[in-house]
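To start, the structure itself, in C-alpha cells.
The values are calculated or read from the model by the stated rules, or taken from the named source; none is laboratory data. As the structure is a computational prediction, the values presented were derived from the model and not from experiment. Virtual Cβ from ideal backbone geometry, glycine too; neighbours counted across all protein chains shown.
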Amino acid sequence: MTSRKDAIRAYKERPPNMGAFAIRCVPANRCWVGTSRNLTAAQNSAWFSLRMGMHRSRDLQAAWTTHGEAAFAFEIVEKLDDDIAPMAVADLLKEKLRVWAERLQAPQLLP
C-alpha cells in the first residue's frame, strides 16, 4: 500500500491529457470544439464558467442558459500522445482544433 504522500506525488507527476474535445448540446443538436493541454481541467473550467454565466462563447452560454446543464456533455474526441515534443504541442493543438471543427461542422472555442 502506498502512502498518501506517494500517491500525491504520483498524481502530480503524471502527464496531463492533451487533445481535442467537444461540448455537445443534445436538444439543440449543436456542438463546440476546443483543445487543451489538460482535458480534465478544460472540462472543469468550461463547466465553471458556464455555471457562472461568464463563458467566452456567447452562443454556448446562451444554449447553456436555455437548455440547462443536464442537456450538455463533454466528449474527448482525440487525445495526443504523451511523447510529443513540448515545442510542437501548441502547433499540433491548433491543427487538431481546425480539423475537428471542420469535421464536426462546429465553432471553435478559444483556448
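Could you go through segment 52-67 and let me know if any residue there is of a type outside the set (Asp, Glu) and in contact with a helix residue (DSSP H, G or I) (Cβ under 6 Å, 6 or more places away or on another chain).
Among the residues of segment 52-67, at least one is of a type outside the set (Asp, Glu) and in contact with a helix residue (DSSP H, G or I) (Cβ under 6 Å, 6 or more places away or on another chain), which makes the answer yes.
Pick out the one residue from 37, 4 that is without any contact (Cβ under 8 Å) to a residue 24 or more places away in the chain and among the basic types (Lys, Arg).
Residue meeting the stated conditions: 4.
Tell me, which residue of segment 38-49 that is surrounded by fewer than 16 Cβ atoms within 10 Å (Cβ to Cβ) and of a type outside the set (Gly, Ala, Ser) is nearest to residue 13 (Cα to Cα)?
Checked segment 38-49; the qualifying residue nearest to residue 13 (Cα to Cα) is 38.
Could you please give the count of residues in segment 59-111 that are acidic (Asp, Glu) and closer than 26 Å to residue 28 by Cα?
Total meeting the criteria: 5.
Could you look through segment 65-83, keep only residues that are hydrophobic (A, V, I, L, M, F, W, C) and closer than 22 Å to residue 36 by Cα, and pick out the one that is modelled with the lowest pLDDT?
80
Can you name the condition, by its number, that residue 110 falls short on among (1) in contact (Cβ under 8 Å) with a residue 40 or more places away in the chain; (2) outside any loop (DSSP other than H, G, I, E, B); (3) surrounded by fewer than 16 Cβ atoms within 10 Å (Cβ to Cβ)?
Evaluating residue 110 over (1) in contact (Cβ under 8 Å) with a residue 40 or more places away in the chain; (2) outside any loop (DSSP other than H, G, I, E, B); (3) surrounded by fewer than 16 Cβ atoms within 10 Å (Cβ to Cβ) leaves (2) as the failure.
Taking segment 1-37 as the search range and keeping residues that are among the aliphatic types (A, V, I, L, M) and over 16 Å from the mean Cα position of the chain (by Cα), which one is surrounded by the fewest Cβ atoms within 10 Å (Cβ to Cβ)?
Looking at the filtered set, the residue picked out is 1.
Output the number of residues of segment 1-49 satisfying the condition of being among the small types (Gly, Ala, Ser), outside any helix (DSSP H, G or I) and more than 14 Å from residue 71 (Cα to Cα).
Selection size over segment 1-49: 5.
Output the number of residues of segment 67-80 satisfying the condition of being among the acidic types (Asp, Glu) and either touching a Ser or Thr at 6+ places or on another chain (Cβ under 6 Å) or not in a strand (DSSP E or B) (or both).
1
Restricting to segment 50-66, and then to whatever is in contact (Cβ under 8 Å) with a residue 12 or more places away in the chain, out of contact with any strand residue (DSSP E or B) (no Cβ under 9 Å at 6 or more places or on another chain) and assigned to a loop (DSSP other than H, G, I, E, B), can you tell me which residue is surrounded by the fewest Cβ atoms within 10 Å (Cβ to Cβ)?
That would be 53.
Report the residue count in segment 81-100 for those that are farther than 11 Å from residue 19 by Cα and either part of a helix (DSSP H, G or I) or under 15 Å from the mean Cα position of the chain (by Cα) (or both).
6
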